Amino acid sequence: MTLGRSVEVREERRRHPVLRVILSLVALVIVALIACVLGGAWWLRHAMRDSLPQLDGQVRLPGISAPVTIRRDQHAVPHIEAATLDDLFEAQGYITAQDRLWQMDMARRVAAGELAELLGKKLIDHDRMQRVLQMRATAERMTASLSERDRRYFEDYARGVNAYIDSHREHLPAEFRLLMYKPKPWQPVDSLLIGLNMVQILDEHWQDKLSREKIEARLGPTLAADLYPTGSWRDHPPTVAPPDLTAPQQAIPDVPLDESQTSLQDLQHLREVIHGTKDVCRECIPGSNEWAISGAHTESGKPLLSNDMHLSHNLPNTWYEVDLKSGGFHVAGVTVAGMPFVTAGRNNHIAWGYTALYGDTQDIYVEQLNSQREYQRPDGWHPFEHVKETIHVRGGSDVIVDVERTNHRIVLNPLLPNEKRTLSLRWAAYDSQASGIPLFDLNSASDWESFRHAMSAWWAPTLNVIYADDQGHIGYQAVGYVPNRPTGIKGTPISDSQHEWQGFIPFDQMPSTFDPANGILATANSRVTPENYPFQITQEWASPYRNERIWKWLAGKDKLTPADMLTLQTDIYSELDQEFAQRFAYAIDHASKSDPRLRQAADLMRSWDGVVGIDSSPATIVAAAKHAFWPMLLQPKLGDDWKAYEWAASAFAQEEISMHAPAQWLPKEYSTWDDFLAACVSRGLEDDHAPADLRTWHYGFEHPVDIEHPLYGMLPWFKKWTGTGAQPQSGDTSTVKQVNRTFGPSQRFTMDWNNVDGSTENIVMGQSGDPLSPYYRDQWTYWYDGTTFALPFTDGAIAASTSHTLRLTP
C-alpha cells in the first residue's frame with residue numbers, strides 16, 4: 001500500500017508541474033511583498049527617528065551676532081532669548097523649522113498653487129484656483145512694500161529657516177523623503193503667502209455669491225431672503241450695552257398649535273459647493289470665541305481674557321506656540337508656522353485674541369464686452385491684461401493658465417467652465433493699500449493707544465480683536481480693510497455701475513469700545529454692529545447661539561476665575577438644540593402619522609436638558625432630524641441645486657423657518673408642518689442608521705473627532721498611531737465648544753493678569769510634526785478632556801519648567 005501511494009504522488013506531481021511553479025511564484029511574491037512592506041515601514045520609522053531635532057547642547061547658527069538660548073518647557077514650547085531682535089527672529093525661524101519644516105513647505109505650496117508638481121494631476125484644480133487668484137503675485141507685491149524694518153525681520157526669519165534646511169539636507173523630515181523631494185530656500189514672500197492663505201480661509205465670499213445667485217434664480221428674492229439672514233434678534237453686539245439677561249428673553253415664535261396656523265406668512269469645486277449631503281457641516285466655518293472680563297467680576301480684581309479660535313483640524317496643528325524675548329521685547333502665544341512674531345497671545349502689558357469678523361471684502365462684477373472682446377470701463381473700452389501661469393504636474397505635462405485682468409482685477413472664468421458671462425473678482429487683498437502684517441507693532445504694544453495704532457494698519461483677515469491689559473482695562477476693536485459701499489453690499493454678481501467701492505471704512509469708524517460699564521466684552525462671529533451703524537460690514541454674520549450663550553453665562557456672575565473660563569470654553573449646552581427637541585417632539589405628538597419608534601424619539605427629546613454630551617441619545621436624534629431638514633425642505637423647490645446652499649447663519653435660518661412655519665415653505669406632499677417635521681425625524685433616523693432602541697444611540701460615537709496626518713493617514717500601519725482615530729466627542733456647532741469631526745477649537749488661551757505664569761495656552765496635538773517625538777501629541781489629552789496647563793512667562797517660571805536647553809552660537 002505504501003509503495004502504491006508513493007507512485008501515485010509522483011505521478012500527480014508529474015501531471016501538474018506548471019501549477020507547482022505558479023504556486024511557488026505566488027508564494028515568493030507574497031513573501032517579497034511582505035518583506036517590502038515591512039522594509040518600507042522600517043525605513044519610514046527610521047526616517048522619522050533620523051529627523052528628530054536636537055533639543056539640548058549647542059548648535060552653530062550662522063548670521064546671529066551673539067549666543068541665543070532656547071529653553072523648552074515640559075511641552076517643548078521654545079522660550080527663545082536673544083541679545084538682539086535680529087538674532088531673535090532668526091532663531092525663531094530655525095526652531096520652528098526644527099519642528100514644522102514640512103508643514104511650512106506645504107503651507108506655502110498650498111497658498112501659491114504648487115501642489116501638482118509634488119502630488120500629481122489630482123491637484124491641478126486646486127493649483128489653477130490659486131494661480132487664477134494670483135496668490136503668489138499678491139504676496140510678492142506685499143513683500144516688496146514691507147517697511148525696511150519689517151523686511152529685515154522677515155529676512156532674519158527666512159535666514160534661520162534656511163540655516164536649518166542647509167544643515168539638515170540629509171536628515172529632512174520623513175515626509176520629504178516619502179515624496180522624494182527637497183525644499184527650496186525660504187524667502188520672506190513665503191511667510192507672506194502663508195499669511196495670505198489665512199486671509200483666504202477667513203474672508204472668502206465670492207463662492208457664496210455665485211451659489212446665492214443660483215438659488216435666488218430658482219426661488220425668487222422673497223423666499224431666498226429666508227435662507228440668507230443678516231444678523232438676528234438674538235445678537236448681542238459688544239459695542240452697545242447688553243440687554244438685561246436676567247429679565248425674560250424675547251419669546252421664541254410660537255410653534256403651530258393646529259393646522260390652521262400653517263397659513264401664517266413669515267413677516268469645494270468652488271469650495272465644493274456641489275457635494276453630497278451626508279458629510280455636509282453647514283456651520284463648520286472658521287470662527288472663534290473670545291471674551292474679556294474686568295476686575296469687577298473676577299475673584300482677583302484683575303482682568304481675565306479668553307480666546308479659542310475655531311478652524312479645521314490639521315496635523316501638524318495650525319498653531320505653533322512660542323515665547324520670544326530680547327531686552328524689553330517679550331511676547332508669547334501662538335503663531336502660524338512659517339511666519340515670524342506671535343499672532344495671538346500676550347506681552348508684558350497687553351493680551352489679545354481674535355474671532356473672525358467675516359467682513360465682506362470681495363465683489364464679483366459682470367464685465368460688459370464689445371465685439372473686439374474689450375471690456376468696458378468708465379473711460380471707454382480696454383483690452384484685458386494677460387498673465388501666463390505654468391502649473392508643473394508630477395508625472396504629467398505642464399498646464400498653462402491664461403489669467404486675464406480688468407480694472408476690477410481677476411477674471412474668474414477659468415474656474416467656472418460653464419459660465420457664459422465674463423466675471424471678475426475685486427478683493428481688498430489686491431488693493432495697493434493692503435500691505436504688510438503689523439504683528440511686530442502689535443507684539444510691542446503696551447497700552448490701548450499703541451494697540452489701536454498697530455491694528456489700524458491691519459488690512460486682513462477682518463477680525464474682532466479682544467483686549468485686556470495689566471492696568472485693568474478691557475477693550476474691543478474690529479479690524480481689517482472693509483470696502484465702503486455707499487449703495488450697500490450686493491450678495492450676488494454685480495452688473496450695474498452703482499456698486500463700485502469708495503475706499504475703505506475708516507479705522508476710527510470701525511466698531512470699537514473701551515472699558516464698557518458692564519465690565520464684559522464678548523464676540524463669537526455673530527453681528528457686532530449696532531442698528532444705527534452707518535456702514536455695512538457684511539451680510540453674512542454667523543449664527544448667534546455661541547455668542548448668546550457666552551453673554552448669558554457671564555451675566556450676573558462675579559468672582560470669576562481662570563477655571564471658570566475653561567468651563568465656559570468647553571460648555572456643551574445648546575439652547576437651539578433643546579428648542580428643536582421640543583419642536584420635534586410636539587410635531588410627532590400632533591402628526592397625522594406616527595409609529596412606536598417616532599414616539600420613543602419624542603419621549604426622549606421632550607425631557608432633554610440640551611446638553612450635547614457623548615452619551616446623549618436625544619442630541620443624536622435632534623442632529624439627525626436637523627440634518628434631514630434641509631434636503632427635504634429645499635429639494636422640492638431647487639432640485640439638485642439645493643446642495644449649493646451654504647450660509648454662516650444657516651442654523652438661524654433653520655430655526656426661523658421651523659418655528660414660524662410659513663406656508664410658502666411647506667413641501668406640497670405634507671398637509672401640516674407637524675407632519676413635515678415628524679417626517680424629518682423619521683428620515684434622519686433612517687439616513688443615520690439609528691438602532692432599534694434609540695436609548696442606545698449615543699451622540700459622541702455618531703459624531704466623533706478624527707484627526708489624521710495627510711500622508712501617514714493613508715498608510716494602514718501608520719494611520720492609527722499617527723492620528724487620533726475616531727474618538728467620541730461632545731458638543732456641536734451651536735455650543736460654545738463648537739466642534740465637528742474634523743473641526744473645532746484650534747487652541748485655548750486664558751490670560752490672568754493676576755498670575756501671568758498661571759495663564760494657560762494649549763493647542764490640539766503638540767509642537768512637533770514628527771510622530772516619533774514625545775511632543776507630537778502630548779497636548780491631545782488636555783484638549784480632548786477639556787483640561788489645560790500653564791504657559792510660563794517669567795524667567796523663574798520658565799527655569800522651573802525647563803526640560804531641554806539648546807544654545808545657538810554664531
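The values are calculated or read from the model by the stated rules, or taken from the named source; none is laboratory data. For clarity, every value in this text was computed on a predicted model and none was experimentally measured. Reconstructed Cβ throughout: ideal geometry from the backbone, glycine too, with neighbour counts over all protein chains shown. Note: accessible area is taken over every heavy atom of the protein model, side chains too, but ligands, DNA and RNA are not part of it. Shrake-Rupley method; radii C 1.70, N 1.55, O 1.52, S 1.80 Å.
Observations on the model:
- Checked against (1) open to solvent by 60 Å² or more (accessible area, probe 1.4 Å); (2) over 18 Å from His205 (Cα atoms), Arg409 passes all but a single condition, namely (2).
- Count of segment 520-540 residues, restricted to those that are open to solvent by 10 Å² or more (accessible area, probe 1.4 Å) and not basic (Lys, Arg), is 11.
- Neighbours by Cβ (under 8 Å, 6+ apart or cross-chain): first from segment 602-619, among the β-branched types (Val, Ile, Thr); second open to solvent by 90 Å² or more (accessible area, probe 1.4 Å): Ile614/Phe701
- Candidates are the residues of segment 58-82 that are part of a strand (DSSP E or B), farther than 10 Å from Asp323 by Cα and β-branched (Val, Ile, Thr); the one that is least open to solvent (accessible area, probe 1.4 Å) is Val68.
- For segment 345-362, the tally of residues that are in a strand (DSSP E or B) and surrounded by fewer than 24 Cβ atoms within 10 Å (Cβ to Cβ) stands at 2.
- Evaluated against (1) closer than 20 Å to Glu321 by Cβ; (2) open to solvent by 10 Å² or more (accessible area, probe 1.4 Å); (3) of a type in the set (A, V, I, L, M); (4) assigned to a helix (DSSP H, G or I), Leu55 falls short on exactly one condition, (4).
- Top-ranked residue in segment 420-435 [being in a loop (DSSP other than H, G, I, E, B), open to solvent by less than 50 Å² (accessible area, probe 1.4 Å) and not hydrophobic (A, V, I, L, M, F, W, C); ranked as farthest from Pro483 (Cα to Cα)]: Ser435
- Pick from segment 547-598, criterion among the β-branched types (Val, Ile, Thr) and not in a helix (DSSP H, G or I), ranking: farthest from the chain's Cα centre (by Cα): Thr561
- Residue list for segment 746-803, restricted to those being assigned to a helix (DSSP H, G or I) and either touching a Gly at 6+ places or on another chain (Cβ under 6 Å) or among the small types (Gly, Ala, Ser) (or both): Gly758, Gly796, Ala797, Ala799, Ala800, Ser801
- Of the residues making up segment 525-546, just one is assigned to a loop (DSSP other than H, G, I, E, B), hydroxyl-bearing (Ser, Thr, Tyr) and farther than 21 Å from Gly488 by Cα, namely Ser543.
- Only residues that are part of a strand (DSSP E or B), charged (D, E, K, R) and open to solvent by 10 Å² or more (accessible area, probe 1.4 Å) were counted across segment 302-342, and they come to 1.
- Test: residue in segment 62-81 that is modelled with pLDDT of 75 or more, over 27 Å from Gly345 (Cβ atoms) and not basic (Lys, Arg): yes
- Extreme residue, nearest to Ala241 (Cα to Cα), among residues of segment 572-606 that are buried (at least 20 other Cβ atoms within 10 Å of the Cβ) and charged (D, E, K, R): Asp577
- Some residue of segment 727-741 being under 20 Å from Ile614 (Cα atoms), in contact with a Cys (Cβ under 9 Å, 6 or more places away or on another chain), open to solvent by 10 Å² or more (accessible area, probe 1.4 Å) and among the charged types (D, E, K, R): yes
- Residue match in segment 366-374 (condition: part of a strand (DSSP E or B) and closer than 24 Å to Leu115 by Cβ): no
- In segment 42-52, the residues that are assigned to a helix (DSSP H, G or I) and open to solvent by 10 Å² or more (accessible area, probe 1.4 Å): Trp42, Trp43, Arg45, His46, Arg49, Asp50
- Subset of segment 200-216 that is aliphatic (A, V, I, L, M) and at pLDDT below 95 - its residue that is nearest to Thr355 (Cα to Cα): Leu202
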